[in-house]
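Contents: one structure, followed by commentary.
The values are calculated or read from the model by the stated rules, or taken from the named source; none is laboratory data. Values in this document were obtained by computation on a predicted structure and should not be read as measured data. We place every Cβ from the backbone using ideal geometry, glycine too, and count neighbours over all the protein chains shown. Note: areas computed on protein heavy atoms with side chains; ligands, DNA, RNA excluded. Shrake-Rupley method; radii C 1.70, N 1.55, O 1.52, S 1.80 Å.
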Amino acid sequence: MIAFFLVFSANAQDSTMDARAVVLLDRMSEVIGDLSSCSFQLKTGVDIPDPTKGIIREYSVHDVHIVGPNKMHVHTRGPKEEFGYWYNTDMLMFYSFTGNTYGFIETPDNIVETMDMVNKDYNVDFPAGDFFYPSFTDDLMEYSESIYYMGLVHFDGKDYHHIVAKGTDKHIQIWIHNDTFALPARYVIHEKKDGETLQFEGIFSNWKLNPELPEAIFDFVAPENARRLNIVSKSSTY
């Protein structure tokens, strides 16, 4: 699985928090939190260290559909595998289109708790999952030394607010649409790890707000010839 959480990890010290940046981040989180449903596409690039070839950039495309508080479907097309997740109330189903294998995990009955549990126990992350946490701004402030508003930037024919958060081990940049909805457009993370700086990026597109999504897209039925996997948590004993 490929990770796309921002994964805040550095303790804040003497911090400088730009009030305008905080207001924009809060506005973004409030809009996302008020949605009853949404769909978007996320294109990601992730740096993967290779012992012989150095740092390799891998790209993936994720189509995400969410109905709050307890339904989600993610379809990912990555460099090595195509797979999907189907979450509906108390069960997360996984299916690999590449390997024709599937498995399931019993989960809590809301998306945020499910993402927390599955990430902690199974090392499974979800595309840009942190943006859907109600505590997104507070978490970013807690684990950043400083947050700055860099002003408006123009690309792809639109204006975006540019925000930078600097931590001990991570440097995070976020671009937010300069419009009524103030949704995230792009993020870039530079992370120091094992003496190297790795970059993670994500570009959002095709946002749909409060669409009527068919109930059937959140249910998964395994093909008859698919092989079932036993998905084991990190805490399981053998």
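How large is the Kirkwood hydrodynamic radius of the chain, in angstrom, based on all distinct alpha carbon pairs? Intermediate results must be reported in sequence, preceding the final value.
Numbers: mean 1/r = 0.0528 Å⁻¹.
By the Kirkwood definition, the hydrodynamic radius is 18.9 Å.
For the stretch 29-151, state the semi-axes of the equivalent ellipsoid (square roots of 5 times the eigenvalues of the alpha-carbon gyration tensor), sorted largest first and rounded to whole angstrom.
Details: eigenvalues 117, 105, 39 Å².
So the equivalent ellipsoid measures 24, 23, 14 Å along its semi-axes.
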TODO: Please work out how much length the chain gains when fully extended from D219 to I231, using 0.36 nm per residue of separation minus the C-alpha to C-alpha distance, in nm with one decimal.
DONE: 2.5 nm
TODO: Would you compute, from DSSP H runs of 4+ residues alone, the mean residue ellipticity of the chain at 222 nm, taking -39500 (n - 2.57) per run and dividing by the full residue count, rounded to the nearest 500?
DONE: -4500 deg cm²/dmol
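For T107, what charge total do you get from the other residues with a beta carbon under 13 Å from its beta carbon, if Lys and Arg give +1 and Asp and Glu give -1?
On the way: positive: K71, K120; negative: D90, E106, D109, E113, D116, D121.
The answer is -4.
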Open item on the list: If R₀ is 25 angstrom, what is the calculated FRET efficiency for the pair E113 and S36, using the beta carbon separation as r and rounding to 0.05?
Closed with: 0.85
TODO: Quick one: angle between helix 111-122 and the longest Cα principal axis of the chain, in degrees between 0 and 90, rounded to 10, please.
DONE: 70 degrees
- [ ] Kindly express, to the nearest 10 degrees and within the range 0 to 90, the angle between helix 19-34's C-alpha long axis and the longest C-alpha principal axis of the chain.
- [x] 30 degrees
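Could you give the dipole magnitude of the chain about its Cα centre, charging the beta-carbon of Lys and Arg +1 and that of Asp and Glu -1, in debye to the nearest 20?
Details: 19 positive and 35 negative charges, 130 e Å.
Rounded to the nearest 20 debye, it is 620 debye.
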Open item on the list: I need two numbers for the stretch 167-214: Rg to one decimal and Dmax as a whole number, Cα atoms only, in Å.
Closed with: 15.0, 47
Open item on the list: Just to be sure I understand the model, the point goes 7 Å from the Cα along the line to the Cβ. What's the resulting D63 to D121 distance in nm?
Closed with: 3.0 nm
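With every protein chain left in place, what is the accessible area per residue of the chain in square angstrom, probe 1.4 Å? Present the calculation step by step, with values, prior to reporting the outcome.
Values: 12400 Å² over 238 residues.
Result: 52 Å² per residue.
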- [ ] Could you please state how large a percent of the accessible area of the stretch 55-98 is carbon and sulfur, counting protein chains only and using a 1.4 Å probe?
- [x] 58 percent
Task: Principal axis dimensions, largest first and in whole angstrom, of the stretch 112-223 by Cα - done: 46, 38, 25
Task: Exposure of W207 as accessible area (Å², to 10), given a probe of 1.4 Å and all protein chains - done: 50 Å²
Open item on the list: If I take R0 = 22 Å and measure r between the Cβ atoms of E142 and E196 in this structure, what FRET efficiency does the formula 1/(1 + (r/R0)^6) give, to the nearest 0.05?
Closed with: 0.30
- [ ] State, as an integer percentage, the relative contact order of the stretch 34-181 based on alpha-carbon contacts under 8 Å between residues 6 or more apart.
- [x] 11 percent
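Scan the chain and hand back the longest stretch that contains none of the trypsin sites (Lys or Arg not before Pro) lying in DSSP loops with at most 11 other Cβ atoms within 10 Å.
After excluding every exposed loop site, the longest remaining stretch is 81-233.
Run the accessible area of the stretch 105-222 with a 1.4 Å probe and give the carbon-and-sulfur part as a rounded percent.
On the way: 2830 of 5870 Å².
In the stretch 105-222, the share of accessible area belonging to carbon and sulfur is 48 percent.
About its Cα centre, how strong a charge dipole does the stretch 147-223 have in debye, to the nearest 20, once Lys and Arg get +1 and Asp and Glu get -1 at the Cβ? Write out the running numbers ahead of the final one.
Values: 7 positive and 11 negative charges, 65 e Å.
Using Cβ point charges on Lys, Arg, Asp and Glu, the stretch 147-223 gives about 320 debye.
Given the pairs K71/K192; K43/K71; K80/K166; K43/K120; K120/K158; K120/K208, which span a C-alpha to C-alpha distance of over 26 angstrom in this model? Write out the running numbers ahead of the final one.
Details: K71/K192 34 Å; K43/K71 21 Å; K80/K166 32 Å; K43/K120 24 Å; K120/K158 37 Å; K120/K208 29 Å.
Over 26 Å apart, Cα to Cα: K71/K192; K80/K166; K120/K158; K120/K208.
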